[in-house]
Amino acid sequence: VGSFSDVPAGHWAYDDIMWARQNGIVGGIGSNMFAPGDDVSYAAMVEMLCNAFFADEYEAYEAANAQRLKEVFGEDTYWFSYRAYFFLSNKLLTNAGAMITSYSSMMSAMNRNNMAQIIANVLTKKGVTVTDAQKRAAEAEISDLDAIPAAYRDAVLICYSLDLLNGTDGQFLGGNHTTRAQACAVIRRVDDLLSAGEDPDPDPSPEVTPSPDQPEGFEPSMVVPDE
């Protein structure tokens, strides 16, 4: 697989982006371009994380629930809808700040706080834990911790302590948007973490909900196209 035309070999995330492309985690935006500096959307992040860490589980889930998913979404199915519903059903979007029934919400830019939360959700699903001592050490390094909304602090500390998300000059800058290149770098770090055996209790078989309950707060009537 060749490089994207807008990701030269000297780009800081070249290796991460190429790794993601070669492993079927990301595609381009057309015309052999990747747009590494563009903001990553919730929809794109869900697709990337699903491809990277839940491909087998999602394939089994979609096959088992094909009729159910059609009933839920009807004709108003976006390209991300089924994966987003799978993520929501498995608590992978808990507190992540997106409404899967809204195209504009899912296509909006994900900031670093939201990135930390969704990554922390993935780690929880994979059985990765972080000690209080690790979190306290991270607290001491983040000078703008008070600026991070309380709801996201634990997730930020988890990601920071595992070197999955870093700051700039001691600041985490959680409100800043995350680029597509940065998303590839973070996903590769998570993959390295899991591949290194940091997953203390890997599930030997995919977890599939054969007949999913609707996620809390989700109703089929909510699925309407944006104006």
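Points to keep in mind about this one:
- A residue that is out of contact with any Lys or Arg (no Cβ under 8 Å at 6 or more places or on another chain) and under 30 Å from Arg153 (Cβ atoms) occurs somewhere in the range 57-70.
- For the range 130-169, taking the residues that are acidic (Asp, Glu) and in a loop (DSSP other than H, G, I, E, B), the one that is least open to solvent (accessible area, probe 1.4 Å) is identified as Asp144.
- Residue that is surrounded by the fewest Cβ atoms within 10 Å (Cβ to Cβ) [pool: residues in the range 170-192 that are touching a strand residue (DSSP E or B) at 6+ places or on another chain (Cβ under 8 Å) and not in a helix (DSSP H, G or I)]: Gly175
- Single match in Arg83, Arg21, Arg112, Arg68 (criterion: under 21 Å from Cys184 (Cα atoms), of a type outside the set (Phe, Trp, Tyr) and more than 13 Å from the chain's Cα centre (by Cα)): Arg21
- Across the range 66-98, the qualifying residues are those that are without any contact (Cβ under 8 Å) to a residue 12 or more places away in the chain and in a loop (DSSP other than H, G, I, E, B), and the one among them that is surrounded by the fewest Cβ atoms within 10 Å (Cβ to Cβ) is Glu75.
- Within the range 16-45, considering residues that are part of a helix (DSSP H, G or I) and in contact (Cβ under 8 Å) with a residue 60 or more places away in the chain, the one surrounded by the fewest Cβ atoms within 10 Å (Cβ to Cβ): Trp19
The values are calculated or read from the model by the stated rules, or taken from the named source; none is laboratory data. This is a predicted model, so every value here is computed, not measured. Because the Cβ atoms are built from the backbone with ideal geometry, glycine has one as well, and the counts that use them run over all protein chains shown. Side chains are part of the model used for accessible areas, which takes the heavy atoms of the whole protein and leaves out ligands, DNA and RNA. Shrake-Rupley method; radii C 1.70, N 1.55, O 1.52, S 1.80 Å.
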